[in-house]
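Here is the structure we will look at.
Every read-out reported here was derived from the displayed coordinates using simple, explicitly stated rules and does not represent laboratory data. Note that this is a predicted model, so its numbers are computed, not measured. Here the Cβ positions follow ideal geometry from the backbone for every residue, glycine too, while neighbour counts run over all protein chains shown.
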Amino acid sequence: MSKSAQSFLVRRTCTRKSNKADEQGSHPLESYRDKPAYVLLGDPGAGKTASFKREAEEADGVYIRARDFVVFKLDTTMHGKPLFIDGLDEMPAADGDRRHPLDRIRERLIGIGKPPFRLSCREADWLGESGREALELISKDIIALHLDPLSDGDITEILRHK
C-alpha cells in the first residue's frame with residue numbers, strides 16, 4: 001500500500017448537543033479550533049485518535065496520550081499551544097490514588113496554567129454533566145462533541161484512496 005493511501009483521512013464532523021439552535025447539527029471538527037476547550041466523544045474505533053492527531057498538527061497543537069500527560073513534563077516549546085489529550089478512558093487507576101483519572105488531568109492542567117485543551121474519551125466512559133462541570137474549573141465553556149460516524153461519501157472517498 002502506498003504511503004498516501006495509508007495516511008489518507010477524511011475530514012470528520014461532530015455533533016454538538018446544545019439548547020441553542022445555531023449550535024446544533026453536524027459541523028467539521030476544525031470549526032472548533034477557536035474554542036478554549038472541548039471533549040471529543042465517540043465509540044471505540046470511531047477515529048478519535050486519528051482525528052486528534054490531525055487536528056493537533058493542523059492547529060499547531062500538541063498531541064499527547066492522557067496517561068503520558070499526567071506523568072511526563074511538557075517541553076517548554078509546547079507552552080501556549082492547545083493540548084490534545086487523547087484517551088481519558090484508557091488511563092489506569094494509579095496505585096494508591098483514589099482520584100478519578102479526570103481529576104489527575106485537571107490537576108495537571110491547573111498546574112501548567114490552564115492552557116487550551118481538547119480531551120477525548122469513549123462515549124460510554126464519559127462522566128457526562130459532572131465531567132463537564134469538573135472541567136469548568138479550568139475553562140468556563142466546555143463543549144461536548146460527539147464524533148459522527150463516517151458517511152457513505154466518506155467511505156467512498158477512503159476506498160478511492162486505497
Worksheet item: Out of the range 92-101, which residues are surrounded by fewer than 20 Cβ atoms within 10 Å (Cβ to Cβ) and on the phi < 0 side of the Ramachandran plot?
Response: Pro92, Ala93, Ala94, Asp95, Asp97, Arg98, Arg99, His100
Discussion item. Of all residues being among the small types (Gly, Ala, Ser) and under 14 Å from the mean Cα position of the chain (by Cα) in the range 64-88, which is nearest to Ile105 (Cα to Cα)? Just the residue, please.
Written reply: Ala66
Item to complete: Would you confirm whether any residue within the range 125-138 is of a type in the set (Asp, Glu), touching a Phe, Trp or Tyr at 6+ places or on another chain (Cβ under 9 Å), surrounded by 12 or more Cβ atoms within 10 Å (Cβ to Cβ) and without any contact (Cβ under 8 Å) to a residue 60 or more places away in the chain?
Response: no
Response to the item:
Pairs returned, first residue in the range 20-36 that is farther than 20 Å from Glu55 by Cα, second residue that is part of a loop (DSSP other than H, G, I, E, B), beta-carbon separation under 6 angstrom, 6 or more apart or interchain, are Gln24/Ser18
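Conditions tested, residue by residue: (1) surrounded by 16 or more Cβ atoms within 10 Å (Cβ to Cβ); (2) hydroxyl-bearing (Ser, Thr, Tyr); (3) within 21 Å of Ile105 (Cβ to Cβ).
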site: Ser26; (1), (2), (3): no, yes, no
site: Tyr38; (1), (2), (3): yes, yes, yes
site: Ala59; (1), (2), (3): yes, no, yes
site: Val62; (1), (2), (3): yes, no, yes
